[in-house]
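The values are calculated or read from the model by the stated rules, or taken from the named source; none is laboratory data. Note that this is a predicted model, so its numbers are computed, not measured. Neighbour counts run over all protein chains shown; Cβ positions are idealised from the backbone, glycine included. Side chains included, ligands, DNA and RNA excluded: accessible areas come from the protein's heavy atoms. Shrake-Rupley method; radii C 1.70, N 1.55, O 1.52, S 1.80 Å.
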Amino acid sequence: MEHVLELPVVPFVSPAAVTDRDAFEHVYATYVRMVHAIVLGRVPRKDVDDLVQDVFLTAYTRMGELRNPAALGGWLATIARNRATDYLRQSRDQVELPDEMPGGDPIAAETFAVLDVIRKLPDAYRETLLMRLVEGMSGQEIADRTGLSPGSVRVNLHRGMKLLREKLEWRHE
């Protein structure tokens with residue numbers, strides 16, 4: 001029995017086939033980096049993996065609600081954004097330690113500082129930058145998973161990098 005429909009670029013599992021574990025594993029493998037980047041752009045790092053799993057559990061249980069198989073990427077992205085928003089509403093305020101605190105890895109501290117700047121960028125730039133820089137996705141992969149055109153992805157990456165550079169230069173002045 002065939003469980004995968006061939007779309008122009010990204011194969012998709014039909015809602016009827018979602019009961020097949022292999023079929024849903026394919027959905028997970030195809031979209032996990034996108035979902036991870038979206039969640040990482042919104043919540044503390046320590047909670048990202050759990051929330052990514054929540055997104056896929058939600059998708060698995062609600063797959064029957066997806067009317068258009070070609071909209072899978074956007075549907076998963078919306079679930080990820082909503083799950084992160086719900087988490088932030090329910091979580092207590094996070095207190096960050098000052099940069100002057102002794103100890104820790106200076107490279108990790110720099111990485112977290114850059115992530116903090118990225119998290120303050122507009123959604124379109126934040127998500128595409130994290131998919132590219134953290135998840136290592138190509139522009140075409142980002143377009144395929146999100147439903148954005150390759151041109152839109154290029155523009156978002158270009159403008160996002162420009163804005164990120166400006167904000168990082170401003171922080172170091």
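A few comments on the model shown:
- Any hit, the range 111-131, residues being open to solvent by 30 Å² or more (accessible area, probe 1.4 Å), basic (Lys, Arg), farther than 13 Å from LEU40 by Cα and touching a Gly at 6+ places or on another chain (Cβ under 8 Å): no
- Within the range 12-34, residues that are closer than 12 Å to TYR60 by Cα and of a type in the set (D, E, K, R) reach partners that are modelled with pLDDT under 50 and open to solvent by less than 40 Å² (accessible area, probe 1.4 Å) with beta carbons closer than 9 Å, at six or more positions or on different chains, in the pairs ASP20/VAL13.
- Looking only at the range 24-47, and only at residues there that are hydrophobic (A, V, I, L, M, F, W, C) and surrounded by fewer than 19 Cβ atoms within 10 Å (Cβ to Cβ), the one that is modelled with the lowest pLDDT: PHE24
- Pair list, Cβ under 7 Å, 6 or more apart: the range 137-161 residue over 18 Å from TRP75 (Cβ atoms), other residue of a type in the set (Val, Ile, Thr): GLY139/VAL153; VAL153/THR128; VAL153/ILE142; ASN156/THR128; LEU157/THR128; GLY160/THR128
- Unique residue being open to solvent by 30 Å² or more (accessible area, probe 1.4 Å), in a helix (DSSP H, G or I), closer than 15 Å to VAL27 by Cβ and hydroxyl-bearing (Ser, Thr, Tyr) when the list is THR61, THR85: THR61
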